[in-house]
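Here's the structure, in structure tokens; my notes come after.
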Amino acid sequence: MVAVSEARVMSQSRANSVCAMLGPLIAAMVGMSMAKTKFSRTLYRHFPTRESLLEALLGDGFGALTSRAAELSAATDPGQALAEWIRELAQAVARYDGLPASVATALHDPDSTLHASCARLGAAASRLLAHAQRAGHVRDDLRTDELLTMVSAMAWAAGQTAQVDEDANRYMDLLIEGLATRPA
């Protein structure tokens with residue numbers, strides 16, 4: 001058990017080191033078919049599938065988001081807690097091109113390397129959303145999959161603009177305001 005855990009930490013460390021050195025290049029390569037180069041052979045030796053690389057890159061981040069959701073679930077204002085978590089999720093999603101599609105696929109494929117991390121993230125989102133809905137802060141017809149899809153779409157859209165951070169904040173403001181319940 002310890003050896004497996006140590007191997008996972010080493011894999012995540014290698015993935016994070018590669019990502020830190022190559023930055024946007026690795027993110028772009030994850031999203032496309034790689035040519036048979038020495039670099040790609042080395043990368044695939046450590047991460048035989050695109051999903052295994054994504055799991056190594058995202059596992060810690062998804063774990064942190066899941067833990068953060070648990071912390072925020074104890075907040076006195078569930079609507080504000082959900083809004084804060086949505087912003088953090090959007091920042092995480094915006095880091096890698098093609099991530100929303102990979103996450104959506106992994107959520108519906110129990111055999112996927114990413115499935116467990118994505119399922120935990122989805123469950124954390126469900127708990128925060130349900131808490132905000134019970135408190136009357138968020139419309140009660142919103143489903144978790146819809147929320148995650150909208151956050152991913154807004155993060156992707158902001159990434160296509162010249163002022164990514166400013167636009168991401170604006171898009172998240174619009175999304176959060178749109179989710180709020182309205183007096184009858």
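Fully extending the segment from Gln80 to Ala153 would add 24.2 nm, taking 0.36 nm per residue of separation and subtracting the current Cα-Cα distance.
Computed extension gain for Glu166 through Arg120, at 0.36 nm per residue and net of the alpha carbon distance, reaches 13.6 nm. Potential lengthening of the chain between Asp60 and Ala104 amounts to 14.0 nm, from the contour at 0.36 nm per residue minus the alpha-carbon distance.
Since every read-out is calculated from the coordinates, none of them should be taken as a lab result. Given the structure is predicted, the values throughout are model-derived calculations rather than measurements.
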